[in-house]
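Read through the structure below, which is laid out as structure tokens, and then see the notes.
The values are calculated or read from the model by the stated rules, or taken from the named source; none is laboratory data. Please read all numbers here as calculations on a predicted model, not as lab measurements. Here the Cβ is made from the backbone with ideal geometry for all residues, glycine too, and neighbour counts use every protein chain on show.
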Amino acid sequence: MQNGMFEGVFVPNVTPFLDGSVDEASLRRLVDYLIEEGISGLVPCGTTGESATLSHEEHVEVIKIVANQAAGRVPVIAGVGTNDTRETKGILKGVDALDLSGYLVVGPYYNRPSQEGIIEHYRAISGETEKPILIYNIPSRTGRNIEVGTIANLSRIPNIVGVKDASGDICQAMDIIAQTQDDFIVLSGEDHLMFLLSCLGGKGGIMASAHVVPGKFLSMYEMVKEGRPKEARELHYQLLPLMRTMFREPNPAPVKCAMKLLGIIESDELRLPMMRVSASLREDISGVLHAFGLI
């Protein structure tokens with residue numbers, strides 16, 4: 001598989017729920033909507049997909065539904081990471097026969113392992129598949145930063161091909177680009193930093209906000225790639241109010257609210273301890289959708 005398949009703007013799609021269960025009909029409708037809107041690829045069971053509250057069986061089920069509905073139209077990068085190496089390997093084995101382009105594996109959360117433990121975690125998982133793996137570094141949620149040296153070390157494992165960087169530290173992202181080979185993919189995991197990171201050598205992003213207007217986010221990245229930074233910057237500032245609104249309350253509640261308001265999913269239900277957005281934010285989300293001419 002070519003690393004270029006990981007370039008562009010990917011959506012870490014939400015997992016719709018209805019009366020406590022995975023809403024398959026809404027999930028399939030969401031997949032079609034995002035593909036029709038021009039997204040580069042899908043990432044089921046990431047943070048935005050509420051992977052932390054999915055059972056093992058649901059985790060596998062959601063990935064299967066997304067892969068089946070996508071039907072090869074776009075790359076599907078399945079989120080399989082947990083804080084348990086054995087559990088992660090078990091999920092991976094349950095979906096490895098599917099038509100997946102690769103895996104997104106989050107740094108082990110809660111356990112707070114050493115950098116050596118993180119390396120061994122990824123080494124063990126990489127040995128379970130021939131498919132490409134993206135590291136997912138999001139220290140605000142995991143409690144442990146995956147350091148630049150650790151990522152550079154892991155980049156030498158043949159099927160570890162890139163990183164989704166959600167550290168929020170643009171200096172760290174630059175150091176990763178500087179200390180890895182040119183074909184190592186660095187994707188922004190912070191929506192508001194995708195423009196800047198793309199200018200610095202990043203290859204796009206995996207972004208929750210792109211649920212709403214996927215084509216505009218992709219256009220911003222392509223403008224940078226084509227050497228049109230001024231136009232890309234203007235689009236970045238056009239999208240910035242949307243990005244800020246989507247993260248004013250804990251992700252993925254705002255995105256689920258937006259998808260429900262657009263009629264893509266039936267319910268904006270979340271699983272505790274996550275809760276629906278406040279009435280005031282719901283009103284603001286409606287305003288943002290209206291501003292983009294979506295409702």
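Is it the case that segment 199-206 has a residue that's surrounded by fewer than 15 Cβ atoms within 10 Å (Cβ to Cβ), at pLDDT 95 or above and charged (D, E, K, R)?
no
For segment 188-218, which residues satisfy the criterion of being part of a loop (DSSP other than H, G, I, E, B) and among the basic types (Lys, Arg)?
Here is the first cut: in segment 188-218, the ones part of a loop (DSSP other than H, G, I, E, B) are 189-190, 200-203, 207, 212-213.
Answer for segment 188-218, where residues must be part of a loop (DSSP other than H, G, I, E, B) and among the basic types (Lys, Arg): just Lys203.
Quick one: how many residues across segment 41-85 are of a type in the set (Ser, Thr, Tyr) and in contact with a Pro (Cβ under 7 Å, 6 or more places away or on another chain)? Full working, then the answer.
Quick first cut of segment 41-85, residues of a type in the set (Ser, Thr, Tyr) only: 47-48, 51, 53, 55, 82, 85.
Okay, now just the ones that are also in contact with a Pro (Cβ under 7 Å, 6 or more places away or on another chain), so 47-48.
Of the residues in that region, 2 qualify.
Select the strands (runs of 3 or more DSSP E) contained entirely in segment 59-148, then report the ones holding at least 1 residues which are small (Gly, Ala, Ser). Step through it out loud before you land on a result.
On the way: elements: 77-79, 102-106, 133-137.
Qualifying strands (runs of 3 or more DSSP E): 77-79, 102-106.
Yes or no: Gly162 modelled with pLDDT of 95 or more and farther than 27 Å from Asn68 by Cα?
Working: modelled with pLDDT of 95 or more: yes; farther than 27 Å from Asn68 by Cα: no.
Judged against the criteria, Gly162 is not a match.
Taking the criterion of being surrounded by fewer than 24 Cβ atoms within 10 Å (Cβ to Cβ), more than 22 Å from Ile138 (Cα to Cα) and under 16 Å from the mean Cα position of the chain (by Cα), would at least one residue in segment 46-56 satisfy it?
No.
(1) touching a residue at least 40 places away in the same chain (Cβ under 8 Å); (2) within 15 Å of Ile151 (Cα to Cα): which one isn't true of Gly107, the others all being true?
For Gly107, the exception is condition (1).
Residue by residue through segment 149-169, note down the ones that are assigned to a strand (DSSP E or B) and touching a Lys or Arg at 6+ places or on another chain (Cβ under 8 Å). Break it down into steps so the answer makes sense when it comes.
Residues of segment 149-169 assigned to a strand (DSSP E or B): 160-165.
Selection gives Gly162 alone.
Restricting attention to segment 1-41, which residues are among the aliphatic types (A, V, I, L, M) and under 20 Å from Arg276 (Cα atoms)? Break it down stepwise before answering.
First, pick out the residues of segment 1-41 that are among the aliphatic types (A, V, I, L, M): 1, 5, 9, 11, 14, 18, 22, 25, 27, 30-31, 34-35, 39.
Once the filter is applied, which keeps residues that are among the aliphatic types (A, V, I, L, M) and under 20 Å from Arg276 (Cα atoms), segment 1-41 yields Val14, Leu18, Val22, Leu27, Leu30.
List every residue pair whose Cβ atoms sit under 6 Å apart, with the two residues 6 or more apart in sequence or on different chains, where the first one lies in segment 12-30 and is at pLDDT below 95 and the second, anywhere, is not in a strand (DSSP E or B).
Short answer, once both residue conditions are applied: none.
I'd like the full set of residues that are over 17 Å from Ile295 (Cα atoms) and basic (Lys, Arg), limited to segment 223-274.
Lys225, Arg228, Lys230, Arg233, Arg244, Arg248, Arg271
Among the listed residues Arg86, Arg73, identify the single one that is more than 21 Å from Asn137 (Cα to Cα), without any contact (Cβ under 8 Å) to a residue 40 or more places away in the chain and basic (Lys, Arg). Give the derivation first.
Values: Arg86 fails: more than 21 Å from Asn137 (Cα to Cα).
None of the others qualify; the one that does is Arg73.
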